[in-house]
Amino acid sequence: MEHSNPTPKSRASEIPIYEIPGGIHPEEHKTRSNQADIRSLPLADELVINLKGQAGNRSLPVVKAGDTVLKGQVIAECDGIFSAYQHAPTSGEVIAIENRTIAHPSGLDDLCVVLKPDGKDQWCELSPVTHLEDMDREAVLAQIFEKGVVGLGGASFPSHIKLKQHEGIHTLIINAAECEPYITCDDKLLQEHTKDVLLGAEIISKLYQDIDIIIGIEDNKPQAIDAIKQARQELGLSNIKLGVVPTKYPSGGEKQLIQLLTGKEVPHGKLPADLGLVMHNVGTCYAIQQALTEGKPLVERLVTLTGDNCKEPGNYWIPFGTPVEHLIQATNSETPKRLIMGGPMMGYELPSAEVGIVKATNCIIMSADGELGMDQTALPCIRCGACMDACPASLLPQQLYWHAQADEFDKAEEYDLFDCIECGACAYVCPSHIPLVQHYRYAKSTIRNNRVEKIKAEKARERYEARQERLERVKREKAERHRKAAEARKKAAEEAGKKDPKKAAVQAALARVKAKKEAQQSDTNEADQSKADDNNSEGNN
């Protein structure tokens, strides 16, 4: 679907800008962290690298306790294509590979590599690409894969998978909108490392044929916009266009930014690639540039540290695995009322300050008491419809809430539950302070779990039916063997009886013993096979 009438261009926009439904204008809180230059902090005494710290399968450790590693060395390899390599964020000693509390709202433990830095921060041997123009597409994707690059906009989806499809792709969108309050890491990255980001976008564009590049950015980032224009001119990258969109949450959502910049809506159940579009975050572009031109794997990222209890707010290069409690101490901050990883709209409260930074961490909010309004009591729904007006996906949040609350998951799916991007706009405007997104997440996770259980049950049924069919077959074959053996004995006895009755009796006895042994052996084999089937069934379940 396309909108035929674009709105007037926003400040400095070089392409038409379209409208999106819904959206809100929460207080930004960005000036606290975007005034200072990008900085680094001292290394923590211990890094806790979560092996499930990105979307996809858990990485598999290739080191063991007691190993000495260098910065950038592979410490965990991918588990299949839908996974990512993990590299040592600094040099030091692996002191444990064990379960630790991870950055997840559940507070669950997961497997982590615990690294004790040696203070040298010594890199392993790096292999930067010297002739990028001579590399074929698969070689570039292999470099991105092996350097552990994932999407740094929040989803941390392995980048090589997103770049795999190339046929029919005509537009590359660089997401620099950064619409969520408090977060400013993309803004500062563009201000201070503009050329690196643009070169990363150029590397991505070389994977396609005749592709347009659009940088989508909100109009509340004038310094970044000016930096892009200047760097583009200096690098001679005239193929990069600026799409400056109005400041409105959630304009940085993938589907929403596509609609703003192109007027096209991604259909239900489809991906941007189905429209010939591919989108990457500015942090991902920077990581790809570093991976190829510098040979550096992804071992750190830019993180916004902010909140009322953060005494030195700003944007910092943080090695993965750095415990959040170290960030609190290193910025001389007060003990926060709550620790939020991500923004106030789509982030989540951390179960502990001991968890380590992961690839998806773009912001840590050290909130003071009452700062985020999370202590308000939920009241009954008054059916005001404000949530519907705010929804950028044109859904019916009220109906979704009722069906999720009543565990009516089929009906929730009928109302396009999985089109919800969980932006939190509905909950933000709700006068009853109902945590709507939590209900949607509950419904989604329950539906996914039910689907998995259904698949398991179907496989168990297939195994059971196959086992029953095999047992019946064995039973029929056994009966047939016994019948043939009896006929053979009878025939042999008749023939022997005519010649020697005594010899016939002996042969008949021997035949019975032989038949009994064969039957016992058959029963033993059948029991062993049944036991093996049962063990396999238990293992699969």
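The values are calculated or read from the model by the stated rules, or taken from the named source; none is laboratory data. Keep in mind the model is a prediction, meaning the values are calculated, not measured. Using ideal geometry, Cβ is built from the backbone for each residue, glycine included, and neighbour counts are taken over all protein chains shown.
Can you tell me which residues in region 82-93 are over 14 Å from ASP45 (Cα atoms), part of a loop (DSSP other than H, G, I, E, B) and not hydrophobic (A, V, I, L, M, F, W, C)?
SER83, TYR85
Within region 234-261, count every residue that is in contact (Cβ under 8 Å) with a residue 24 or more places away in the chain, assigned to a loop (DSSP other than H, G, I, E, B) and surrounded by fewer than 20 Cβ atoms within 10 Å (Cβ to Cβ).
Qualifying residue count for the region: 4.
Could you run through region 80-126 and say how many residues are polar (S, T, N, Q) and under 17 Å from the mean Cα position of the chain (by Cα)?
Selection size over region 80-126: 3.
Kindly indicate whether any position in region 94-105 is of a type in the set (Ser, Thr, Tyr), closer than 21 Å to LEU350 by Cβ and at pLDDT below 95.
Yes, there is a match, as at least one residue in region 94-105 is of a type in the set (Ser, Thr, Tyr), closer than 21 Å to LEU350 by Cβ and at pLDDT below 95.
Select, from ALA273, ALA287, the only residue that is surrounded by fewer than 20 Cβ atoms within 10 Å (Cβ to Cβ) and of a type in the set (A, V, I, L, M).
Step by step, each of ALA273, ALA287 is checked, and only ALA273 is surrounded by fewer than 20 Cβ atoms within 10 Å (Cβ to Cβ) and of a type in the set (A, V, I, L, M).
Among residues belonging to region 443-464 that are under 19 Å from LEU400 (Cα atoms) and touching a residue at least 12 places away in the same chain (Cβ under 8 Å), point out the one that is surrounded by the fewest Cβ atoms within 10 Å (Cβ to Cβ).
ASN450
Could you say which residue among LEU108, LEU47, LEU41, LEU51 is exposed (fewer than 15 other Cβ atoms within 10 Å of the Cβ) and under 28 Å from ILE340 (Cβ atoms)?
LEU108
Among (1) within 21 Å of PHE145 (Cβ to Cβ); (2) among the hydrophobic types (A, V, I, L, M, F, W, C); (3) modelled with pLDDT under 95, where does ILE15 come up short?
Of (1) within 21 Å of PHE145 (Cβ to Cβ); (2) among the hydrophobic types (A, V, I, L, M, F, W, C); (3) modelled with pLDDT under 95, only one is false for ILE15: (1).
Give, as residue ranges, the helices (runs of 4 or more DSSP H) completely inside region 128-202 that count at least 1 residues that are among the small types (Gly, Ala, Ser), touching a residue at least 12 places away in the same chain (Cβ under 8 Å) and within 22 Å of GLY253 (Cβ to Cβ).
In region 128-202, 159-162 are the helices (runs of 4 or more DSSP H) which contain 1 or more residues that are among the small types (Gly, Ala, Ser), touching a residue at least 12 places away in the same chain (Cβ under 8 Å) and within 22 Å of GLY253 (Cβ to Cβ).
Taking interchain pairs and intrachain pairs at least six residues apart, which have beta carbon atoms under 7 angstrom, with the first residue in region 412-432 and touching a residue at least 24 places away in the same chain (Cβ under 8 Å) and the second among the aromatic types (Phe, Trp, Tyr)?
LEU417/TYR440; CYS420/TYR440; GLU422/TYR440; ALA425/TYR249
Just the residues that are without any contact (Cβ under 8 Å) to a residue 60 or more places away in the chain and touching a Phe, Trp or Tyr at 6+ places or on another chain (Cβ under 8 Å), please, taken from region 75-90.
ALA76, GLU77
Checking the structure you have, find out if any residue of region 359-366 is crowded, with 16+ Cβ neighbours inside 10 Å, polar (S, T, N, Q) and within 26 Å of the chain's Cα centre (by Cα).
yes
Scan PRO319, PRO313, PRO344, PRO351 and give me the residue that is farther than 30 Å from HIS268 by Cβ and at pLDDT below 95.
Only one candidate passes the filter, namely PRO351.
Quick check on region 66-79. Is at least one of its residues over 30 Å from LEU292 (Cβ atoms), among the charged types (D, E, K, R) and surrounded by fewer than 22 Cβ atoms within 10 Å (Cβ to Cβ)?
no
Matching residues to (1) in a strand (DSSP E or B); (2) among the aliphatic types (A, V, I, L, M); (3) closer than 17 Å to PRO323 by Cα:
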site	(1), (2), (3)
LYS64	no, no, no
GLY80	no, no, no
ILE95	yes, yes, yes
ASN99	yes, no, yes
HIS104	no, no, yes
VAL113	yes, yes, yes
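Within region 424-436, is even one residue surrounded by 21 or more Cβ atoms within 10 Å (Cβ to Cβ), in contact with a strand residue (DSSP E or B) (Cβ under 7 Å, 6 or more places away or on another chain) and not hydroxyl-bearing (Ser, Thr, Tyr)?
yes
Of the conditions (1) over 28 Å from the mean Cα position of the chain (by Cα); (2) surrounded by 24 or more Cβ atoms within 10 Å (Cβ to Cβ); (3) not β-branched (Val, Ile, Thr), ASN220 clears all except one; give me its number.
That leaves (2) as the condition not met.
Is region 434-452 home to any residue that is closer than 21 Å to GLU349 by Cα and outside any helix (DSSP H, G or I)?
The answer is yes, given that some residue of region 434-452 is closer than 21 Å to GLU349 by Cα and outside any helix (DSSP H, G or I).
When you go through (1) surrounded by 15 or more Cβ atoms within 10 Å (Cβ to Cβ); (2) in contact with a strand residue (DSSP E or B) (Cβ under 8 Å, 6 or more places away or on another chain); (3) at pLDDT 95 or above one by one for LYS30, which number turns out not to apply?
(2)
Take ILE24 and decide whether it is closer than 30 Å to CYS387 by Cα, of a type outside the set (Lys, Arg), in contact with a helix residue (DSSP H, G or I) (Cβ under 9 Å, 6 or more places away or on another chain) and surrounded by fewer than 21 Cβ atoms within 10 Å (Cβ to Cβ).
Criteria met by ILE24.
Give ALA231, ALA227 a once-over and let me know the one that is farther than 16 Å from THR184 by Cα, in contact (Cβ under 8 Å) with a residue 24 or more places away in the chain, in a helix (DSSP H, G or I) and in contact with a helix residue (DSSP H, G or I) (Cβ under 6 Å, 6 or more places away or on another chain).
The conditions single out ALA231.
Among the numbered conditions (1) among the acidic types (Asp, Glu); (2) out of contact with any Ser or Thr (no Cβ under 8 Å at 6 or more places or on another chain); (3) crowded, with 21+ Cβ neighbours inside 10 Å, tell me where GLU202 comes up short.
Failing condition for GLU202: (3).
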